[in-house]
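Student: What follows is a structure written as structure tokens; I'll ask about it next.
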Amino acid sequence: MAANISPDLIARYGGNLPRYTSYPTAVSFSDAIGPQEVADWLKALPPEQSVSLYFHVPFCDELCRFCACNTAVMRQEEARAAYGDLLLEEMHRIVALVGQGRVVRHLHFGGGTPTTLPETALRNVMSAVREQFRLADDAEIAMEMDPRHVPEGMLPLLAELGFNRISFGVQDLDRIVQETCGRVQSYEQTLACVEQARAAGVNGVNIDLIYGLPYQTVESVQDTARRVAGMRPDRLAVFGYAHVPWKQKRQQLIPQDSLPSSEERLQQADRIDRVLVEEGYKSIGLDHYAHPEDAMAHAYEAGTLHRNFQGYTIDSSPVLLGMGASAISMTPDGFYQNIPSTAAYIRALKEHDGLPVARGVFRTEEDRWRGKVIETVMCLSGVDLTPYIPSGQGLEQAFAEELEALRPFEEDGLIRWEGNRVSLTEKGGPFLRHLAAVFDTRRKELAAAGEGKPVPRFSSSL
Ligand SMILES: C[S@@+](CC[C@H](N)C(=O)[O-])C[C@H]1O[C@@H](n2cnc3c(N)ncnc32)[C@H](O)[C@@H]1O
Ligand code: SF4
């Protein structure tokens, strides 16, 4: 991280970019890929291929104004239980295509707030997973939780069901920031959850923080980072606030003039980085920190870190099967997303036999190698291009357009070259998404095809 980014650089490189949790990114998804295509992809998986599982639950106990996720409050317990039954139904349809007994090393419940599922629903999903798949003994089984709403007995239940990692949302500890975000959560509340999780035997603890929130300052984020680091989570995710009020209407309640500028955002990210590094954490990629003894820090050191729809992960499986409304999945043939609206997802499963897939994208040979380059940049802040140069060509010939696009980066001191390896300098640290975007030809094609049409909008890149 580097705080000394001049306003001139921010003006020239600012703008909106994808977070590259996949390549092609979700803007390339279309309804050319639907239930039938995905069923063929799933049937074609090699029998010995292990898979990862993701269950999406779009319900929350209350809604936070800053949150970009598509979530709703669902008060009726029967409706939440019925949603749990549909997750089971979708899983059975998937197993009918991929076959029983596949090894699972990573399983994640995300949302929303998946602990809004009633106890019976959580028990049923986990026992069906154990019946239909082979959960590895050392599998990572993770749950996202909101420390403000922990149902009685939930942490011992999760431990009993085999969960060994919990991600707690914190975001910020300052009262004014919390009130403006509509998420008031005391330090004591969070600490109590972390302690309850550990007492129940769930040792993997992650905490999410955000910078760039309304009224945050360098001093306030420093204070939050210091106090949260004192809880000794194994991993922290430090996200830049994505202000996308054109997509997420509830963010319109956040006054525009309360938001830090790009320059202040960079300074806040830099200060959090300094605190967490001082506290002994290893900085990983765009937005993660891990205790040096944590598996993610080891994977980073070994160059085996990955990036998928859940962000940075130690999961190396090329297959991620997502279940639930809006869940995104990955197979070697392509990516696809389930129907985003919860009501429409429920209808689709009740009224039709197939998978509740809305759209997706086929990965061409070029998508695959570019995806690997982009994932490597996002994980390691640089990439050796040698394996991607066709025989008989040199770097200049194989990557002429990219080299041209990278010239200003070099002049601005953001990157360095060592042979065919390009990497970000210390000054260039915040420009990870920019370096990745240089290898994203789909984005250029979409921009060219969409001239005159509205361009898909991402969150701020700085
Ligand atoms: C899907 S939420 C689930 C967490 C859980 N429901 C909670 O509130 O504690 C996961 C994380 O996404 C992050 N997040 C949500 N909206 C965001 C936004 N607009 N910009 C950046 N990060 C965001 C937050 O850090 C949040 O903890
Ligand atoms: S941050 Fe968590 S609790 Fe708040 S709206 Fe988003 S998913 Fe729900």
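Student: Kindly list, by first and then second residue, each pair from a residue in region 69-91 that is farther than 10 Å from Ala121 by Cα to a residue that is within 16 Å of ligand 2 (Cβ to nearest atom) and part of a helix (DSSP H, G or I), limited to pairs with Cβ atoms under 8 Å and residues at least 6 apart or on different chains.
Tutor: Between residues of region 69-91 that are farther than 10 Å from Ala121 by Cα and residues that are within 16 Å of ligand 2 (Cβ to nearest atom) and part of a helix (DSSP H, G or I), the close pairs are Ala72/Thr342; Met74/Arg80; Met74/Tyr83; Met74/Thr116.
Student: Right, next: Sort through Glu404, Glu396 and tell me the only one that's under 22 Å from Leu17 (Cβ atoms) and either assigned by TED's automatic domain parsing to the domain that holds Val57 or without any contact (Cβ under 8 Å) to a residue 12 or more places away in the chain (or both). Full working, then the answer.
Tutor: Details: Glu396 fails: under 22 Å from Leu17 (Cβ atoms).
Result of the check over Glu404, Glu396: Glu404.
Rundown of residues vs (1) more than 30 Å from Gln252 (Cα to Cα); (2) surrounded by 15 or more Cβ atoms within 10 Å (Cβ to Cβ), yes/no style:
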site	(1), (2)
Val104	yes, yes
Ser127	yes, no
Gln132	yes, yes
Ala139	yes, yes
Val150	no, yes
Leu157	yes, yes
Arg175	no, no
Ala197	yes, yes
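Student: Have a look at Ser52, Ser30 and point out the one that is in the same structural domain as Tyr289 (by TED's automatic domain parsing), more than 23 Å from Ala136 (Cβ to Cβ) and hydroxyl-bearing (Ser, Thr, Tyr). Don't jump to the end; show me each part of the working.
Tutor: Working: Ser52 fails: more than 23 Å from Ala136 (Cβ to Cβ).
That would be Ser30, the only listed residue that is in the same structural domain as Tyr289 (by TED's automatic domain parsing), more than 23 Å from Ala136 (Cβ to Cβ) and hydroxyl-bearing (Ser, Thr, Tyr).
Student: Inspect region 270-281 for any residue being open to solvent by 50 Å² or more (accessible area, probe 1.4 Å), closer than 18 Å to Phe55 by Cα and at pLDDT 95 or above and give the result as yes or no.
Tutor: no
Student: Within region 43-61, can one find any residue that is within 16 Å of ligand 1 (Cβ to nearest atom), closer than 23 Å to Val150 by Cβ, charged (D, E, K, R) and open to solvent by 40 Å² or more (accessible area, probe 1.4 Å)?
Tutor: Going residue by residue through region 43-61, those that are within 16 Å of ligand 1 (Cβ to nearest atom) are 54-61.
Now narrow it down to the ones that are closer than 23 Å to Val150 by Cβ: 54-61.
Still in the running and charged (D, E, K, R): 61.
Right, trim to open to solvent by 40 Å² or more (accessible area, probe 1.4 Å) and you get 61.
Yes: region 43-61 contains one or more residues that are within 16 Å of ligand 1 (Cβ to nearest atom), closer than 23 Å to Val150 by Cβ, charged (D, E, K, R) and open to solvent by 40 Å² or more (accessible area, probe 1.4 Å).
Student: Assess whether Val244 counts as being within 29 Å of Ile5 (Cβ to Cβ) and surrounded by fewer than 20 Cβ atoms within 10 Å (Cβ to Cβ). Don't jump to the end; show me each part of the working.
Tutor: On the way: within 29 Å of Ile5 (Cβ to Cβ): yes; surrounded by fewer than 20 Cβ atoms within 10 Å (Cβ to Cβ): yes.
Considered against the rule, which asks whether it is within 29 Å of Ile5 (Cβ to Cβ) and surrounded by fewer than 20 Cβ atoms within 10 Å (Cβ to Cβ), Val244 comes out as yes.
Student: Could you list all residues from region 213-234 that are closer than 14 Å to Asp273 by Cα and open to solvent by less than 10 Å² (accessible area, probe 1.4 Å)?
Tutor: Val221, Thr224, Ala225, Val228, Ala229
Student: Which residues, taken from region 42-52, are more than 14 Å from Arg93 (Cβ to Cβ) and either among the aliphatic types (A, V, I, L, M) or in contact with a Leu (Cβ under 9 Å, 6 or more places away or on another chain) (or both)? First the steps, then the outcome.
Tutor: Kept after step one, since they are more than 14 Å from Arg93 (Cβ to Cβ), are these residues of region 42-52: 44-52.
Residues satisfying the conditions are Ala44, Leu45, Val51, Ser52.
Student: I need a count of the residues in region 129-152 that are in contact with a Phe, Trp or Tyr (Cβ under 6 Å, 6 or more places away or on another chain) and either within 16 Å of ligand 2 (Cβ to nearest atom) or not in a strand (DSSP E or B) (or both). Reasoning before the result, please.
Tutor: If we filter region 129-152 for residues that are in contact with a Phe, Trp or Tyr (Cβ under 6 Å, 6 or more places away or on another chain), which is where we start, we get 141, 143, 145, 147.
In the following step, the residues that additionally are either within 16 Å of ligand 2 (Cβ to nearest atom) or not in a strand (DSSP E or B) (or both) were identified as 143, 145, 147.
Residues flagged as in contact with a Phe, Trp or Tyr (Cβ under 6 Å, 6 or more places away or on another chain) and either within 16 Å of ligand 2 (Cβ to nearest atom) or not in a strand (DSSP E or B) (or both) within region 129-152 amount to 3.
Student: Quick one: which strands (runs of 3 or more DSSP E) sit completely within region 381-433 and have at least 1 residues that are surrounded by fewer than 16 Cβ atoms within 10 Å (Cβ to Cβ) and of a type in the set (Phe, Trp, Tyr)? Please lay out each step first, then the result.
Tutor: Values: elements: 382-384, 415-418, 421-424.
Qualifying strands (runs of 3 or more DSSP E): 415-418.
Student: Step by step: first the residues of region 111-128, then only those that are within 16 Å of ligand 2 (Cβ to nearest atom) and touching a helix residue (DSSP H, G or I) at 6+ places or on another chain (Cβ under 7 Å), then the one that is farthest from Asp208 (Cα to Cα). Which residue is that?
Tutor: Of everything passing the filter in region 111-128, Leu117 is farthest from Asp208 (Cα to Cα).
Student: May I pose another question? What number of residues in region 255-265 are closer than 20 Å to Val170 by Cα and in a helix (DSSP H, G or I)?
Tutor: Pass one, region 255-265, residues closer than 20 Å to Val170 by Cα: 258-260, 265.
Filter once more, so that each one left must be in a helix (DSSP H, G or I): 258, 265.
Counting residues in region 255-265 that are closer than 20 Å to Val170 by Cα and in a helix (DSSP H, G or I) gives 2.
The values are calculated or read from the model by the stated rules, or taken from the named source; none is laboratory data. Everything quoted here is computed from the prediction, not taken from an experiment. Don't worry about glycine lacking a Cβ; one is built from the backbone with ideal geometry, like all the others, and counts go over all protein chains shown. Side chains are part of the model used for accessible areas, which takes the heavy atoms of the whole protein and leaves out ligands, DNA and RNA. Shrake-Rupley method; radii C 1.70, N 1.55, O 1.52, S 1.80 Å.
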